[in-house]
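Participant: Before we start, here is the structure in question, set down as structure tokens.
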Amino acid sequence: MKRVVVLLDGRRTVDDIERMVCDGDSERREDLRDVLTVLSEERILSKVGDVAEEFGRLGGERAEFYDRQLRLLQDFCDEGLADCASGVQLQKRLDGSTAVVCGVGGLGGWVTLSLANAGVGTIRLCDFDRVEPSNLTRQALFTAADTGRHKVDAAAARLRAVNPFITVEPVNRRIDGPGDLADLLDGADVLVNAADQPSANDVAGWVAEACWPDVPHIMGTGYAYHIGVIGTTIVPGRSACWACVRAETFADHGRDRMKSLVGKREKAGAIGALCGLVGNILAWEAVRVLTGLPPAFTGRWTEIDFWPLELRSRPIPQRPDCPACGAGSLTAGLG
């Protein structure tokens, strides 16, 4: 068995291994076939031969830069979790993709940092704010030297330094309606919503309207106190839309009985570890969308309770009477 494993280096055929191990012995040949069958069924064998040669198809510098990530992507392919045989193909999908991130503060900063590290080819950043000292404890892209700069400019500089193989497009803009997103979505493959001004619900509604029916959008809205909102992933034509989500979750936490009042503090409390936790989950979901791996949060609404560290999800079905994604809508038959 040990000798067989050593020979499984991608440079030999099964017949080659038979000749080297079995020496014409039919009983050994059957044992070898049994071993290879088990390894294949357990998805231990790789779908590519020489991994180093395969990774080299990206070019030497890129292959070295993404080495550990390529190995993970290859594992996904070998385990049958991807629709292709090579992790390089998944990486190329990231290289050729465009992601839009609305809001690059406590949540969006972590999202964009992870997307940059992953090698998303073009990242568009949209925010209107400037860096303040109080941002620095939780917003991963900024240093004290950035205080006073527009967030998108400081963020773009940091992301370009993190990964020289990507393009970053900063857009200094306040979102006041769906029309403010039209040019940002040109050629976009996914949008991650991490903006909360003038309110998280307002921006989410505008994002949903602007993205429908062409661009997948991930609705993560941050956290307050001990509840982090991971939200949902909307893939037009394949999942419930934002209107379905709002109809299903409107009464959550008693919101339907609440009146809008001024809170005891103008700004909510925050800490970097929790921002990073939610932001990196959203980034991983975006990577899944961009590579063609199945997204985890379609058709459900997900929150994380930071105190017991528990994920809580509920199904969000497509409403048959929904004008956007229901049975009678124009996009119902897609996907």
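Participant: I need the shape label for region 117-231. Rule: rounded when a/c is under 1.5, else prolate if a/b > b/c, else oblate, with a, b, c from the alpha carbon gyration tensor.
Facilitator: It is oblate, given that a/c is not under 1.5 and a/b is not larger than b/c.
Participant: Let me ask another. Over region 116-244, with the other protein chains present, what is the accessible area per residue in square angstrom, probe 1.4 angstrom? If you can, show how the numbers build up before the last one.
Facilitator: Working: 4930 Å² over 129 residues.
So region 116-244 comes to 38 Å² accessible per residue, rounded to a whole number.
Participant: Moving to a separate point now. Tell me which residues come under 5 Å, amide H to amide H, from R149 once H is placed; ignore anything under 5 positions away on its chain.
Facilitator: Here V131 satisfy the definition.
Participant: Here's another thing I want to ask about it. Heavy atoms of the protein only, probe of 1.4 Å, neighbouring chains included. What is the accessible area of E79 in Å², nearest 10?
Facilitator: Probe radius 1.4 Å; accessible area of E79 about 80 Å².
Participant: Continuing with the same structure: Taking H as built 1.01 Å from N, whose amide H comes closer than 5 Å to the amide H of R300, not counting residues under 5 places away?
Facilitator: For R300, the qualifying residues are T233, I316.
Participant: Using the Karplus curve 6.51 cos²θ - 1.76 cosθ + 1.60 with θ = phi - 60°, work out ³J(HN,Hα) for each residue of region 222-236 in order, rounded to whole Hz, and write x for Gly and Pro.
Facilitator: Listing the rounded values in order: x, 7, 9, 6, 10, 10, x, 9, 6, x, 8, 10, 9, 10, x Hz.
Participant: Now for a different question. May I ask you to evaluate 6.51 cos²θ - 1.76 cosθ + 1.60, the Karplus curve with θ = phi - 60°, for each residue of region 308-313 and list the ³J(HN,Hα) values in order in whole Hz, giving x for glycine and proline?
Facilitator: Karplus values, whole Hz, x for Gly and Pro: x, 6, 10, 8, 10, 10.
Participant: Per-residue HN-Hα couplings for region 24-30, Karplus 6.51 cos²θ - 1.76 cosθ + 1.60 at θ = phi - 60°, whole Hz, x for Gly and Pro?
Facilitator: Karplus values, whole Hz, x for Gly and Pro: x, 7, 5, 5, 5, 4, 5.
Participant: Please list R174, R238 from largest to smallest accessible area, probe radius 1.4 Å, with all protein chains kept in place. Display every interim value, and only then the final one.
Facilitator: Working: R174 90, R238 145 Å².
Accessible-area ranking of R174, R238, largest first: R238, R174.
The values are calculated or read from the model by the stated rules, or taken from the named source; none is laboratory data. It should be emphasised that the depicted structure is a prediction, and the values quoted were computed from it without experimental measurement. Surface accessibility is based on the protein's heavy atoms, side chains included, excluding ligands, DNA and RNA. Shrake-Rupley method; radii C 1.70, N 1.55, O 1.52, S 1.80 Å.
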